[in-house]
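In what follows, a single structure is set out as structure tokens and then discussed.
The values are calculated or read from the model by the stated rules, or taken from the named source; none is laboratory data. Quick caveat, the model's predicted, so the values are computed rather than measured. Cβ atoms come from the backbone with ideal geometry, glycine included; neighbour counts cover every protein chain shown.
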Amino acid sequence: MTYRNGYDLPVFGLDNGAFYELHILAITCIFLSLSSALFIIVASFKQHGLRTFFSWSKSERLVVYLATCDACFNICHSLDHLHILLTKDHVWPASLCNFYGVNLVEFVFAQTLMVNVVAINVFVLIYFGKNIDFGKRDWRLLLWTFGTPFLIAMILLSTGQLGPTGAYCFLDGVTARISNIVLTTGSMCLILTVNSVLYALTWYRITTEAKRLESALGGASASVKASHRAARNMFLFLTAFFVQWWALAANGIWNLFTVPPVVIFQIVTTFSNVGGVLNLLVYLIIRHRKRTLAPVETSKNNTKTTNIQSNNVDKP
């Protein structure tokens, strides 16, 4: 049988009993992820009070950006899955499916590019001692991470490559097979590989430099420690991204040779829809580190103040 587009594909799971399992699992993961993303956004702004957003640290701003990507992705994707679950059919009309597809392309690839920028920023910070300039109000970062996916989505939409995959609306399961290989399997494998290499090189540099400074100077300077802390915080984003998207990349590679078993698709559905939960863990870890670090720095500052006062008393 020749398929014209994704609407000619059978709805995934209706023929093998996996339909409800797939969509209920997906909606459950999406709900948990959305709740986590909204918690991150609210807690972040509440924590900083009246401080303007762009006065926050890079890692704190990135947490909010990634949570926003997750929240928008989850809202759109939940409606997509819910529509199919209730109707047991593809999303109609086609314009609505295209709308879901545009949003998924936008926020999946925005997150992908943003995490890659994090990996590059950490690498440059540790190896060259420079922070990549995101521009005033992060305009360079936002233009790259949100503008590029939007351009890709518009090209896909205008060429009729958005539509049903059989389980949700994204890259059309028939007309966008090549684009699917390039944009999901190819790009995810490339980004995961690049991030892993940068992660390994940077971590090696941090550990070796820490040992060298410990033996030569008895410890690293405050600025070096601050850079290492920033790098470790940003590594958490890379780890969360890897956990979220490794299954999609593996499924894409498997699909190049043969049709993966249903359980693989279930694993993809689970991991790809828990990004908000993973980023919540990152947020909590960063917040915990900041809290445990604050008393130490306060104690050091008090010690320095006491020493200065003591030295002033001893002077004639």
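The table below gives the values:
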read-out	value
Residue within region 151-158 that is β-branched (Val, Ile, Thr), in contact (Cβ under 8 Å) with a residue 40 or more places away in the chain and surrounded by 19 or more Cβ atoms within 10 Å (Cβ to Cβ) present	no
Any hit, region 174-194, residues being part of a loop (DSSP other than H, G, I, E, B), of a type outside the set (Gly, Ala, Ser) and modelled with pLDDT of 90 or more	yes
Residue in region 161-169 that is hydrophobic (A, V, I, L, M, F, W, C), at negative phi and in a helix (DSSP H, G or I) present	no
Residue within region 251-270 that is closer than 17 Å to LEU34 by Cα, under 22 Å from the mean Cα position of the chain (by Cα), part of a helix (DSSP H, G or I) and at pLDDT 85 or above present	yes
Of all residues in region 74-117 being hydrophobic (A, V, I, L, M, F, W, C) and not in a helix (DSSP H, G or I), the one that is farthest from PHE31 (Cα to Cα)	TRP92
Restricting region 118-152 to residues that are outside any helix (DSSP H, G or I) and of a type in the set (A, V, I, L, M, F, W, C), the residue that is modelled with the highest pLDDT	PHE134
Matching entry among PHE146, PHE123 (being within 20 Å of the chain's Cα centre (by Cα), of a type outside the set (A, V, I, L, M) and within 30 Å of ILE206 (Cβ to Cβ))	PHE123
Selected residue (criterion: nearest to HIS77 (Cα to Cα)) from residues of region 8-33 that are aromatic (Phe, Trp, Tyr) and surrounded by fewer than 18 Cβ atoms within 10 Å (Cβ to Cβ)	PHE31
Enumeration of residues in region 61-95 that are under 16 Å from the mean Cα position of the chain (by Cα) and of a type in the set (Gly, Ala, Ser)	ALA67, ALA71
Any pair with Cβ under 9 angstrom, 6 or more apart, that starts in region 104-126 at a residue that is on the phi < 0 side of the Ramachandran plot and ends at one that is assigned to a helix (DSSP H, G or I) and of a type in the set (Asp, Glu)	LEU104/ASP80; PHE107/ASP70; GLN111/ASP70; ILE126/GLU209
Residue within region 34-43 that is among the β-branched types (Val, Ile, Thr), over 16 Å from ILE84 (Cα atoms), surrounded by fewer than 17 Cβ atoms within 10 Å (Cβ to Cβ) and out of contact with any helix residue (DSSP H, G or I) (no Cβ under 9 Å at 6 or more places or on another chain) present	yes
Residues satisfying the stated conditions in region 43-53, i.e. hydrophobic (A, V, I, L, M, F, W, C) and either under 14 Å from ASN131 (Cβ atoms) or more than 22 Å from the chain's Cα centre (by Cα) (or both)	LEU50
Among residues of region 12-66, those that are touching a residue at least 60 places away in the same chain (Cβ under 8 Å), assigned to a helix (DSSP H, G or I) and small (Gly, Ala, Ser), counted	8
